[in-house]
Amino acid sequence: MSDLFRSYDMQAQSHHDFVSGKKKAFSPPPGGSFHEAGRGLDLDLKALKMPLADFWTIAAKFGMSPIINKPTASASEAWHFDNRGSHQIVYQYYVDKKGNNFAPYKAAAASAILSIGVNVDAFGNNQIQASLQSCLIRLGKEIGNIDGQIGQRTQQALEELNITFDLSNPANMLLQAENLVQQKFPAEFVVPLI
């Protein structure tokens, strides 16, 4: 396994290598990869010494999802797997066109990146607000886009969840929302004993 976590700079370099042709496999700019949230991994398929389809079965037991549709070892990105967790809800939200400012995968990756406290360039100075919106979507609320702009739909969702609405203190709203996310998805916040 490799690339279990990529920092912003590592992702920028990977993207640059793709754009320049040094690397053939697609690599998005920072803010668009589950690697940046520690939720993506790449496999050395030759070292695996088992059919890719067999690994898919094992990976599924641990919440790992392939990024391609069929276990074809020769396909681009056959080696990439994600553990999306609750960020799969964001992915589906965008598939269902409840948000439209990102492609589904990028929206889910941005959500995951924000959830570990890493900034995503697309949100500028509104990182906390975007992270809050990601929480609300994972809690089942329809707020429109994850864009860092606190509008009426975001405010209504906060009120429905009994989160104190206070634009002067978005960090407090985020803390309350994160607590609810942790309650709803406790397995995502526990390190398994190996």
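Residues in segment 91-127 that are over 16 Å from Arg6 (Cα atoms), surrounded by fewer than 20 Cβ atoms within 10 Å (Cβ to Cβ) and within 13 Å of the chain's Cα centre (by Cα): Gln92, Ala103, Pro104, Tyr105. Filtering segment 132-153 for residues that are part of a helix (DSSP H, G or I) and more than 28 Å from Arg6 (Cβ to Cβ) leaves a non-empty set.
Out of all the residues in segment 16-35, which are in contact (Cβ under 8 Å) with a residue 12 or more places away in the chain, in a helix (DSSP H, G or I) and more than 15 Å from His80 (Cα to Cα)?
Taking segment 16-35 as the starting set, the residues that turn out to be in contact (Cβ under 8 Å) with a residue 12 or more places away in the chain are 24-35.
After this cut, where a residue has to be in a helix (DSSP H, G or I) as well, the list is 34-35.
Across segment 16-35, there are no qualifying residues.
Residues in segment 36-67 that are surrounded by fewer than 20 Cβ atoms within 10 Å (Cβ to Cβ), in contact (Cβ under 8 Å) with a residue 12 or more places away in the chain and of a type in the set (A, V, I, L, M): Leu41, Leu43, Leu45, Ala53, Ala59, Met64, Ile67. Residues of segment 154-186 that are of a type outside the set (D, E, K, R) and either touching a residue at least 60 places away in the same chain (Cβ under 8 Å) or outside any helix (DSSP H, G or I) (or both): Leu161, Asn162, Ile163, Thr164, Phe165, Leu167, Ser168, Asn169, Val181, Phe185. Filtered by the rule that a residue be surrounded by 10 or more Cβ atoms within 10 Å (Cβ to Cβ) and polar (S, T, N, Q), segment 161-194 gives Thr164, Asn169, Asn172, Gln176, Asn179, Gln182, Gln183.
Residue count for segment 36-60, restricted to those that are basic (Lys, Arg) and in a loop (DSSP other than H, G, I, E, B): 2. Here Ile163 does not qualify as within 19 Å of the chain's Cα centre (by Cα), at pLDDT 95 or above and aliphatic (A, V, I, L, M). Across segment 36-51, the number of residues qualifying as over 15 Å from Asp3 (Cβ atoms) and touching a Gly at 6+ places or on another chain (Cβ under 8 Å) comes to 0.
The values are calculated or read from the model by the stated rules, or taken from the named source; none is laboratory data. The structure displayed is predicted, hence computed values, not measured ones. Every residue, glycine among them, receives a Cβ derived from its backbone with ideal geometry; neighbour counts consider all protein chains shown.
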